[in-house]
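Below: the structure, in structure tokens.
The values are calculated or read from the model by the stated rules, or taken from the named source; none is laboratory data. Keep in mind the model is a prediction, meaning the values are calculated, not measured. Glycine also receives a Cβ, built like all others from the backbone with ideal geometry; neighbour counts cover every protein chain displayed. Each accessible area value is taken on the protein alone, full model and side chains, heavy atoms only, with ligands, DNA and RNA left out. Shrake-Rupley method; radii C 1.70, N 1.55, O 1.52, S 1.80 Å.
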Amino acid sequence: MYLFDLDGTLIDSAGVWRQIDVDFLAKRGIPWTEEYNQGVIHTIFPLAAQFTKEYCHIPDSPEDIMAEWRRMALTEYRDHIPLKPHVRAFLEQCAGEGRNMAIYTSCEPMLCQAVLHHHNIEGYFSQVVYASDLGMEKRSPSAFAVALKRLGVTPEKCRFFDDSPVSCAGAKAAGLTVTGVYDSLFAAQEEEMRRLCHDYIRDFSELLAPAEG
């Protein structure tokens, strides 16, 4: 099986979430910081919302924070966020080869569904596993084990594509073959990714078969 992360791997959404964070905090007179970013960037919505409430000392409930984030993000996911370069061609190639493909993501279900529908690529994937449904951090090796059980595949038969160093490390620890995917959000950690992952690509054109003729 080929298992894909969504944000930063299949879709180019890094700038969207940075701007949402900046705007959300600015509305409350709070500056965005890299420390705040590290607290929310790798985790699932409920934990990010709880962190935001505690870190920023705001009265909003985690549920209200998540609802506001969803409202801010939905238009972008539904109408604007592009696919990463050559993703469609790679998915078409994999489908032509008869590969089973799935998604494992910390993205909110309604946002994931919106962007897949916008690009008409939901049909390529047999399943979508949401880390929020597991109630676990996506990056955790134990979460990968639960996700693979849901997918009915063993680690040694799964190749995982992700842009995040911590997610790639979790997948590798869980026994998956890991392909790192470049994303501007983690550009400074490219060398770390190249050391960590079994292989690393700048974009999916590197995995396309040469054109005939």
(request) Would you list the P(r) distribution for region 80-184, with all Cα-Cα distances sorted into 10 Å bins from 0 and each bin expressed as a whole %? (result) 14, 47, 37, 3
(request) Just flag the GluC sites (Glu not before Pro) in region 48-127 sitting in loop per DSSP whose Cβ has no more than 12 other Cβ atoms within 10 Å. (result) 97
(message) So if I restrict to the alpha-carbon atoms in region 159-213, what is the Rg, and what is Dmax, the biggest pairwise distance, in Å?
(response) 12.0, 42
(request) Report, in deg cm²/dmol and to the nearest 500, the calculated mean residue ellipticity at 222 nm for the chain, where each DSSP H run with n ≥ 4 adds -39500 (n - 2.57) and the sum is divided by the residue count. (result) -14000 deg cm²/dmol
(request) Starting from the Kirkwood radius over alpha-carbon pairs of region 80-132, derive D by Stokes-Einstein at 37 °C in a medium of 0.692 mPa s and give it in µm² s⁻¹. (result) 279 µm²/s
(request) Using a 1.4 Å probe over the heavy atoms of the protein chains, calculate the carbon and sulfur portion of the accessible area of the chain as a whole percent. (result) 52 percent
(message) How large is the translational diffusion coefficient of region 1-47 in µm² per second when you combine the Kirkwood radius over alpha carbon pairs with Stokes-Einstein at 37 °C and 0.692 mPa s?
(response) 271 µm²/s
(request) Apply the Kirkwood formula to region 28-146: the hydrodynamic radius equals the inverse of the mean of 1/r over all pairs of different alpha-carbon atoms; give it in Å with one decimal. (result) 16.1 Å
(request) Using every pair of alpha-carbon atoms in region 1-79, split the distances into 5 Å bins beginning at 0 and state the percent of pairs per bin, rounded to integers. (result) 3, 14, 25, 28, 16, 8, 3, 2, 1, 0
(request) Pull out a ≥ b ≥ c, the square roots of the eigenvalues of the alpha-carbon gyration tensor of region 125-172, then state rounded if a/c is under 1.5, prolate if not and a/b is larger than b/c, and oblate in the remaining case. (result) rounded
(request) Straight distance only, please: which aspartates and glutamates reach the Cα of residue 53 with their own Cα at less than 19 Å, same-chain residues fewer than 8 apart left out? (result) 21, 23, 34, 35, 63, 64, 68, 108, 137
(request) For the chain, would you read off the P(r) tail past 27 Å as a percentage of all alpha carbon pairs? (result) 30 percent
(request) Would you please name the trypsin sites (Lys or Arg not before Pro) within region 48-150 that are DSSP coil residues with at most 10 other C-beta atoms within 10 Å of their C-beta? (result) none
(request) Write down the accessible area per residue of the chain in Å², having rolled a 1.4 Å probe over the full set of protein chains. (result) 47 Å²
(request) Could you pull out every residue, at least 5 positions away or on a different chain, whose amide H is within less than 5 Å of the one on residue 201? Hs are placed 1.01 Å off N in the peptide plane, and Pro or chain starts have none. (result) 180, 181, 182
